[in-house]
Amino acid sequence: MKLFRHFFLLFILSFSSLFAQEGFYYQAVIKNTDGSPLKETPVKIRIRIIEGTTTLQYEEEREVTTSREGFVSFIIGEGATTDFTSINWQGELYLQDE
């Protein structure tokens, strides 16, 4: 029985790695300079993941259209200009959006 549990656990762990997500969700409300939502407007968003204060780990740019409420949503990692899987997640990382 103990051997069965070990094999079952090994099977589950190896199977779950097939569905590993290569990215994470980003959501924001885009606003005008007066603070009102920027409604139904095409915008360009640049996302950077930076290690420490200077080392660029990842960068991507997206062109999306805001919703009626000024909302945008997408998965960081799908619009890659650099390789998302090469990010060293052990360091002190910061997300920069512009």
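The values are calculated or read from the model by the stated rules, or taken from the named source; none is laboratory data. Owing to the predicted nature of the structure, the values given are computational and were not obtained by experimental measurement. Cβ atoms come from the backbone with ideal geometry, glycine included; neighbour counts cover every protein chain shown. Heads up: the accessible areas ignore ligands, DNA and RNA and are worked out on the full protein's heavy atoms, side chains in. Shrake-Rupley method; radii C 1.70, N 1.55, O 1.52, S 1.80 Å.
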- [ ] For every other residue with a beta carbon closer than 14 angstrom to the beta carbon of GLU22, add +1 if it is Lys or Arg and -1 if Asp or Glu, then tell me the sum.
- [x] -3
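May I ask you to give the percent of accessible area on segment 44-98 that is carbon plus sulfur, with a probe radius of 1.4 Å?
Details: 1530 of 3400 Å².
Carbon and sulfur together cover 45 percent of it.
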Open item on the list: Can you compute the modelled spin-label distance between LYS44 and THR65, with each label point 7 Å from Cα toward Cβ, in nm?
Closed with: 1.9 nm
